[in-house]
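Have a look at the structure below, then the notes.
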Amino acid sequence: MSMNLNELHAEPASRRVHRRLGRGHGSGRGKTAGRGTKGQKARAGGHVPAYFEGGQNALVHRMPVKRGLHFRSPPNKVKPATVNLRQLGQFPANQSVDIETLIAAKLVDKSARQVKVLADGELTHPLTITAHYFSGSARAKIEAAGGQAIQVEQPSTKEP
């Protein structure tokens with residue numbers, strides 16, 4: 001079955017009928033043509049922008065201004081989960097502690113991709129701790145207790 005161009009037509013109700021404005025009061029849209037009487041929106045070319053708040057100080061002007069490098073962070077930056085030394089005291093002496101161990105002990109969230117060890121609290125027995133980051137004082141306290149602080153090597157993001 002072939003079709004000719006003169007047989008093509010739009011589906012019923014697929015095209016809206018254009019409302020003819022200002023064609024006399026009998027049309028129901030005469031005189032002011034649905035724009036009301038006077039005012040900015042009744043004029044030709046007169047419109048109010050979506051961000052206009054009636055003369056009130058606009059939202060964009062009420063927001064605090066934050067400029068500079070300290071207020072910008074790279075997109076999708078991974079923030080490490082933090083663990084304090086007093087939390088690590090629950091592990092027995094000479095145990096190896098890494099991110100899987102911390103997730104199993106529910107000290108960090110299971111979605112954590114990096115861990116940083118902080119120096120809050122004391123460590124009384126030696127532990128071998130493997131993490132992505134250590135604060136300087138945390139590393140010193142771990143080594144003073146006879147343990148090891150092993151830092152995980154980060155994959156290089158820069159190409160040679």
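The values are calculated or read from the model by the stated rules, or taken from the named source; none is laboratory data. In this text, all values refer to a predicted model and were calculated from it rather than measured experimentally. FYI the Cβ positions are ideal-geometry reconstructions off the backbone, even for glycines, and counts take in every protein chain you see.
Worth a mention:
- Test for residue 82: is it more than 30 Å from residue 29 (Cα to Cα) and either small (Gly, Ala, Ser) or touching a residue at least 24 places away in the same chain (Cβ under 8 Å) (or both): yes
- Within segment 40-92, the set of residues being part of a loop (DSSP other than H, G, I, E, B), closer than 30 Å to residue 127 by Cβ and of a type in the set (Val, Ile, Thr) comprises 78 only.
- Flag if residue 112 is crowded, with 17+ Cβ neighbours inside 10 Å, among the aliphatic types (A, V, I, L, M) and either touching a Pro at 6+ places or on another chain (Cβ under 8 Å) or closer than 15 Å to residue 82 by Cβ (or both): yes
- Residues in segment 27-83 that are touching a strand residue (DSSP E or B) at 6+ places or on another chain (Cβ under 6 Å) and not aliphatic (A, V, I, L, M): 80, 82.
- Residues considered: 54, 34, 46, 89. Of these, the only one that is of a type in the set (Gly, Ala, Ser) and loosely packed, with under 10 Cβ neighbours inside 10 Å is 54.
- Condition met for residue 69 (of a type in the set (A, V, I, L, M, F, W, C), at pLDDT below 90 and exposed (fewer than 10 other Cβ atoms within 10 Å of the Cβ)): yes
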